[in-house]
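**Student:** This is the structure I have questions about; it appears just below.
The values are calculated or read from the model by the stated rules, or taken from the named source; none is laboratory data. Source: prediction; values computed, not measured. Note that each Cβ is placed from the backbone with ideal geometry, even for glycine, and that neighbours are counted across all protein chains shown.
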Amino acid sequence: MRIKKHPILEFDREKKLRFYINGKELYGYEGETISAALFANGVTTFSRSLKYNHPRGFFCGIGKCSSCLMTVNGIPNTRTCITPLKDGVEVKTQDAYADLPETKHKRHKKKVINTDLLVIGGGPAGLSAALEAAKHGVNVLLVDENPILGGQLIKQTHKFFGSREEKAGTRGVEIAQQLRKEVEKQENIRVFLKSTVFGYYECEQNHCFGMVKRREDYTEEIYELHCKSVIFACGAMENMLAFPGNDLPGVYGAGGVQTLMNVYGVKPGRRVLMVGSGNVGLIVSYQLLQADVDVAYIVEGLPKIGGYHVHAAKVRRCGVPILTSHTIVEAYGNERVEGARIAKVGKNWSIIPGTEMDVKCDTICLAVGLTPSIRLLSQTGAEIRFIREAGGHVALHNKNMETTVPGVYVAGDGSGIEEASTAMLEGKIAGFSAAYKIKNKAFDSKPLKLYHEELERLRDGPFGVKGRKAKEKIAVQWSDKR
Amino acid sequence: MKEYEKTGVLSIEDLRLPSEEQLKKGVAVIECVQNIPCNPCVDACPVKAISMRNINDIPVIDYDKCTGCGNCVAVCPGLAIFLVKTKDDTVFISIPYEFLPIPNVGDRVEMLDRRGEKKGKAEVVRVRRAGKTTIVTIKTEKRFAMVVRNIRVKDA
């Protein structure tokens, strides 16, 4: 299931690694995650459900959904989608609640780090925020859960839209590389990868967080972080859709499949049904074709295609049908997806009888929207509101991305679902504002105005309506609050 | 609602087409019909034939100014620009292509329309790499000038 040749990407498979699944020997490559290596070997069932013993597998591919939990070297509940494969590692499928290993309770010795600014999340927003703040002389600690910096940019093989300032015409993977290089050059940015910020704690002057860093041998180190300001650039997670069979291995987030395919070079299956025709659904469908995976249909519940026409045209001229006013009724299969039934939807999303159709496929990708990740952010006490256009609950924030808790900022999808281009600008604004405050306004605030203008321009068109409305609502509720 | 919003397939009526004379010279046909925040084609044009008042505008091309250089075909993030040049009864169509295998000059490839339906075979007359996107020029009958928008190499 590994992609050997790809029109855009090259996969580095220099070092072969041996590993075990339930005692059976398999091979993977250095740079792959455990999930990717299992997929490449055709293993798609990672655990079994508590009540019905259903097979369970991968879903989001970026450590957000906990669907891929397995026991790794005796450590249960390991998120295998963000855990790098090591030579000789023993992986076991879990049944419902995994048994905790017998360990002598050691007190973890915690390390303490003090920094000016903590940036949580190393995607387009977090990277831009860290760079912007660091350029203004602020010490930054940048933390990300994944093994690679870049967030969702690292799997975007298409050229970006926007203008030259937002690197339009450049592929997301290349933007990630450029930003990574800039971060490496900044001596005042310290990066922690494979690290999770897990809790916000009260302390007198600063903001205080707990962080766990995963070592090479899968054991962990505990840190206590103190910072003057913090920027939450935690991104978003993919939405689930309710239908019978949605827990079968083979039903994956479209973004999860994109990670598997474009970061690790592993195909999710042979034939895919794509659910959702927003830009994510359209782009991932095109990328599946590039990886030589067949796309049976793209189904869209609404009467019209959600994403850009140019993305739809790219898949249509390859012969992939897009069925608007259609939805998935059911996924079926024993150990994994063997097919799906789709049907036409009428008013109020009701299925029109007699329109059901069988689709033979081994993979179903869900591209049905994203929800901002705010679980950690909400611990700070920042005011959270449900804003439909933002994709769910988000923290109220002002124009400079500061929440109702002074010194706590948000940026990117975590502050309302939009695009990578807007995320980068919001990151710059948050980074700039945080630095401006930390440094007591010791530099010119002119760039901030330019960033705001650029952001307005990006949200100006009909496809920016949702983002614009979300931010307007947030602004209104923010001023009501004051 | 426009039909293409439902199907993803443009019809000729959705486009502003060049004249016979302009086609003989060879021009870029921009199949970008929505207000999306994107403008690299404007920056890429060496003769300023493509204009846009702001980034969310639909690009407007001045076919008289266009020299058919193909710079915009290579940069368009939506792969929505095609070069079309007619000569007598034949047409040369240049298509942005991001699949494998990349065809060679002289290969015969399957032509596909905007629906991905097969329209017969054509000869590849030029292959130009522009980064990871390849621009493949095929030569075919003139009647396909505004019909063929993709190729399939594997089945050919």
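**Student:** For residue B:93, state whether it is aliphatic (A, V, I, L, M), closer than 29 Å to residue A:320 by Cβ and either modelled with pLDDT of 95 or more or not in a loop (DSSP other than H, G, I, E, B) (or both).
**Tutor:** Against the criterion (aliphatic (A, V, I, L, M), closer than 29 Å to residue A:320 by Cβ and either modelled with pLDDT of 95 or more or not in a loop (DSSP other than H, G, I, E, B) (or both)), residue B:93 qualifies.
**Student:** Quick check on this structure: which one of B:116, B:106 is within 11 Å of chain A (Cβ to nearest Cβ) and not in a strand (DSSP E or B)?
**Tutor:** After applying the criteria, what remains is B:116.
**Student:** Regarding residue A:456, is this residue free of Cβ contacts under 8 Å to residues at least 40 places away in the same chain and within 14 Å of chain B (Cβ to nearest Cβ)?
**Tutor:** In short, yes.
**Student:** Restricting to segment A:404-426, give me the number of residues that are assigned to a helix (DSSP H, G or I), away from every other protein chain (no Cβ under 14 Å) and either closer than 13 Å to residue A:127 by Cα or in contact with a Lys or Arg (Cβ under 7 Å, 6 or more places away or on another chain) (or both).
**Tutor:** So the answer is 2.
**Student:** Take the residues in segment A:1-26 that are more than 14 Å from chain B (Cβ to nearest Cβ) and exposed (fewer than 12 other Cβ atoms within 10 Å of the Cβ); name whichever of them is nearest to residue A:290 (Cα to Cα).
**Tutor:** That would be A:12.
**Student:** Kindly indicate which of B:91, B:47 is in contact with a Ser or Thr (Cβ under 9 Å, 6 or more places away or on another chain), of a type in the set (A, V, I, L, M, F, W, C), over 18 Å from residue A:314 (Cα atoms) and free of Cβ contacts under 8 Å to residues at least 40 places away in the same chain.
**Tutor:** Within the list B:91, B:47, the selection yields B:47.
**Student:** Now for a separate question. Going by what's in this entry, would residue A:428 be described as out of contact with any helix residue (DSSP H, G or I) (no Cβ under 7 Å at 6 or more places or on another chain), over 16 Å from residue B:38 (Cα atoms) and not acidic (Asp, Glu)?
**Tutor:** no
**Student:** Could you say whether any residue in segment A:69-76 is assigned to a loop (DSSP other than H, G, I, E, B) and under 24 Å from the mean Cα position of the chain (by Cα)?
**Tutor:** For segment A:69-76, residues assigned to a loop (DSSP other than H, G, I, E, B) and under 24 Å from the mean Cα position of the chain (by Cα): absent.
**Student:** Residue check, residue A:53 against (1) surrounded by fewer than 18 Cβ atoms within 10 Å (Cβ to Cβ); (2) in contact with an Asp or Glu (Cβ under 7 Å, 6 or more places away or on another chain), all met but one. Which one?
**Tutor:** (2)
**Student:** Hey, could you check segment A:39-50 for residues that are among the hydroxyl-bearing types (Ser, Thr, Tyr) and either touching a strand residue (DSSP E or B) at 6+ places or on another chain (Cβ under 7 Å) or more than 16 Å from residue A:79 (Cα to Cα) (or both) and say which is surrounded by the most Cβ atoms within 10 Å (Cβ to Cβ)?
**Tutor:** A:47
**Student:** A further question follows. Does segment A:421-442 contain at least one residue that is more than 20 Å from the chain's Cα centre (by Cα), of a type in the set (S, T, N, Q) and assigned by TED's automatic domain parsing to the domain that holds residue A:183?
**Tutor:** Yes, there is a match, as at least one residue in segment A:421-442 is more than 20 Å from the chain's Cα centre (by Cα), of a type in the set (S, T, N, Q) and assigned by TED's automatic domain parsing to the domain that holds residue A:183.
**Student:** I need a count of the residues in segment A:370-399 that are in a loop (DSSP other than H, G, I, E, B) and surrounded by 17 or more Cβ atoms within 10 Å (Cβ to Cβ).
**Tutor:** 6
**Student:** Does residue A:168 satisfy the condition of being more than 14 Å from every other protein chain (Cβ to nearest Cβ) and not charged (D, E, K, R)?
**Tutor:** no
**Student:** Enumerate the strands (runs of 3 or more DSSP E) found wholly within segment A:217-313, keeping only those where 2 or more residues are away from chain B (no Cβ under 12 Å) and within 30 Å of residue B:153 (Cβ to Cβ).
**Tutor:** A:271-275, A:294-300
**Student:** Exactly one condition in (1) crowded, with 19+ Cβ neighbours inside 10 Å; (2) assigned to a helix (DSSP H, G or I) is not met by residue B:82; state its number.
**Tutor:** (2)
**Student:** Next question. Under the condition of being in contact (Cβ under 8 Å) with a residue 40 or more places away in the chain and small (Gly, Ala, Ser), which residue from segment B:119-156 is nearest to residue B:108 (Cα to Cα)?
**Tutor:** Among residues in segment B:119-156 that are in contact (Cβ under 8 Å) with a residue 40 or more places away in the chain and small (Gly, Ala, Ser), the one nearest to residue B:108 (Cα to Cα) is B:156.
**Student:** What are the residues in segment B:53-84 that are more than 14 Å from chain A (Cβ to nearest Cβ), in contact with a Ser or Thr (Cβ under 8 Å, 6 or more places away or on another chain) and of a type outside the set (Val, Ile, Thr), if any?
**Tutor:** B:62, B:63, B:70, B:83
**Student:** On the basis of being in a helix (DSSP H, G or I), modelled with pLDDT of 95 or more and either out of contact with any Lys or Arg (no Cβ under 6 Å at 6 or more places or on another chain) or surrounded by 23 or more Cβ atoms within 10 Å (Cβ to Cβ) (or both), does residue A:479 make the cut?
**Tutor:** no
**Student:** If I filter segment A:323-336 down to residues being of a type in the set (A, V, I, L, M) and surrounded by fewer than 24 Cβ atoms within 10 Å (Cβ to Cβ), which single residue comes out as nearest to the other protein chains (Cβ to nearest Cβ)?
**Tutor:** A:323
**Student:** Let me ask something else about it. Which residue is farthest from the other protein chains (Cβ to nearest Cβ), if the candidates are limited to segment A:459-471 and must be of a type outside the set (Lys, Arg) and surrounded by 16 or more Cβ atoms within 10 Å (Cβ to Cβ)?
**Tutor:** Once the filter is applied, the top-ranked residue is A:470.
**Student:** Restricting the first residue to segment A:1-18 and requiring it to be under 24 Å from residue B:97 (Cα atoms), which pairs with a second residue that is among the acidic types (Asp, Glu) and crowded, with 17+ Cβ neighbours inside 10 Å meet a Cβ separation below 6 Å and a spacing of at least six or different chains?
**Tutor:** A:7/B:98
**Student:** Specify the residue that is nearest to residue A:297 (Cα to Cα); the eligible residues are those in segment B:1-24 that are within 14 Å of chain A (Cβ to nearest Cβ) and among the acidic types (Asp, Glu).
**Tutor:** It comes out as B:5.
Results for (1) surrounded by fewer than 19 Cβ atoms within 10 Å (Cβ to Cβ); (2) without any contact (Cβ under 8 Å) to a residue 40 or more places away in the chain; (3) not assigned by TED's automatic domain parsing to the domain that holds residue A:394, shown as yes or no for each residue.
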site	(1), (2), (3)
A:214	no, no, no
A:241	yes, no, yes
A:257	no, no, yes
A:263	no, no, yes
A:275	no, no, yes
A:283	no, no, yes
A:297	no, no, yes
